[in-house]
Amino acid sequence: MNQRVEPGARLVQVEELAAAIGGGDGVVVDCRFDLARPDAGEAAWRAGHIAGAHYAHLDRDLAAARTAASGRHPLPDPQQLVRLFSSWGIGPGVPVVAYDAAGGAWAARLWWLLRWMGHAEVGLLDGGLPAWVAAGHSLSTAAPAPRPAVFRGTPGQMPVIEAPEIERRLDDPGLRLLDARLPARYRGDEEPIDPVAGHVPGAINQPFQLNLTPDGRFRTPDELRELFAPHVAGAPHEIAVMCGSGVTACHDLFALERAGLGTARLYPGSWSEWIRTPSRPVARGPQP
């Protein structure tokens, strides 16, 4: 892959990737996943993927095992990530392109993890696998050839916020906490995944799906800037993003950077961690 992926919220277009495959100096990762059927994404990868693409399983590769106090997808152990990224051939300066079949909903987690570990040259395939197929490109069933490298990175290169700080700052107007879940889950009308419905008091609903056009591609930076403007306009605010388990929140983080609005903080545990402590407050209904 003879291309360079720029730092930040980099989108890679289908034809750009198609022209680059075969150069041998980059890594492509398939991040397809289904929360209801955890094995479905890997099965889909086996049935057909972009040539040379490795597979990243959300539960196994992009998250640590759940604990009694954690959310559903805790951040992985950094040494686990070092081994994983090395096995994929991600060394210093190696460009990485992540994709899925959900507009980047899962791939954005890998984008964020690589950035968190200090690897800047990572981008998302705009439109994901559906755009690749729609453009007439073929799929492969062959496993990628082993090409190990030595990944060099340290965690902490992307900012996070944890539950105790959010609890302390529930009434702090300087903190803007965005919730990337769908409105029905945010309001508490339904909760198909977690045992408690609702949202963190004061959180603002910003569904990640709004970042996309109807065909699953990212909106333009100007459109994204307008979308997020109500939450960042005026006096400087500290922006943090959450979702159900710290995964699709990364999509909003990508969109904020794409809009030129800076690097916001991720709440890794998100709603599924927040509700593990019964004393934490829960709100229901639409935002004020």
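The values are calculated or read from the model by the stated rules, or taken from the named source; none is laboratory data. On a predicted model such as this, the values are computed, not experimentally measured, just so you know. Using ideal geometry, Cβ is built from the backbone for each residue, glycine included, and neighbour counts are taken over all protein chains shown.
Scan the stretch 74-82 and tell me whether some residue there is within 23 Å of residue 220 (Cα to Cα) and under 14 Å from the mean Cα position of the chain (by Cα). Within the stretch 74-82, none of the residues are within 23 Å of residue 220 (Cα to Cα) and under 14 Å from the mean Cα position of the chain (by Cα). Among the residues of the stretch 63-90, those that are over 18 Å from residue 30 (Cα atoms) and polar (S, T, N, Q) comprise 67, 70, 79, 80. Taking the stretch 141-174 as the range and being farther than 28 Å from residue 96 by Cβ and either at pLDDT 95 or above or of a type in the set (Asp, Glu) (or both) as the test, the residues that pass are 163, 164, 165, 166, 167, 168, 169, 170, 171, 172. Examine the stretch 244-253 for a residue that is over 17 Å from the mean Cα position of the chain (by Cα), part of a helix (DSSP H, G or I), at negative phi and modelled with pLDDT of 95 or more, and state whether such a residue exists. Checked the stretch 244-253: no residue is over 17 Å from the mean Cα position of the chain (by Cα), part of a helix (DSSP H, G or I), at negative phi and modelled with pLDDT of 95 or more. Considering only residues of the stretch 191-233 that are closer than 28 Å to residue 72 by Cβ and of a type in the set (Asp, Glu), which is nearest to the chain's Cα centre (by Cα)? Filtering first and then ranking leaves 194.
Scanning the stretch 257-288 for residues that are part of a helix (DSSP H, G or I) and either of a type in the set (D, E, K, R) or modelled with pLDDT under 95 (or both) gives 257, 258, 273. Residue 80 falls short on exactly one of the conditions (1) crowded, with 18+ Cβ neighbours inside 10 Å; (2) over 17 Å from residue 244 (Cα atoms), and that condition is (1). Scanning the stretch 140-159 for residues that are surrounded by fewer than 17 Cβ atoms within 10 Å (Cβ to Cβ), at negative phi and either in contact with a strand residue (DSSP E or B) (Cβ under 6 Å, 6 or more places away or on another chain) or not aliphatic (A, V, I, L, M) (or both) turns up 140, 141, 146, 147, 148, 152, 154, 157, 159.
In summary, residue 196 fulfils each of the numbered conditions (1) outside any helix (DSSP H, G or I); (2) surrounded by 20 or more Cβ atoms within 10 Å (Cβ to Cβ) with the single exception of condition (2). Taken together, the residues in the stretch 205-238 that are among the charged types (D, E, K, R) and crowded, with 17+ Cβ neighbours inside 10 Å amount to 3. Screening the stretch 242-270 for residues that are in contact with a Lys or Arg (Cβ under 7 Å, 6 or more places away or on another chain) and of a type outside the set (Ser, Thr, Tyr) and picking the one that is surrounded by the fewest Cβ atoms within 10 Å (Cβ to Cβ) gives 260. Of the residues making up the stretch 142-190, those that are without any contact (Cβ under 8 Å) to a residue 12 or more places away in the chain and either part of a helix (DSSP H, G or I) or within 22 Å of the chain's Cα centre (by Cα) (or both) are 164, 165, 168, 184.
Residues that are modelled with pLDDT of 95 or more, part of a loop (DSSP other than H, G, I, E, B) and not polar (S, T, N, Q) are absent from the stretch 222-240.
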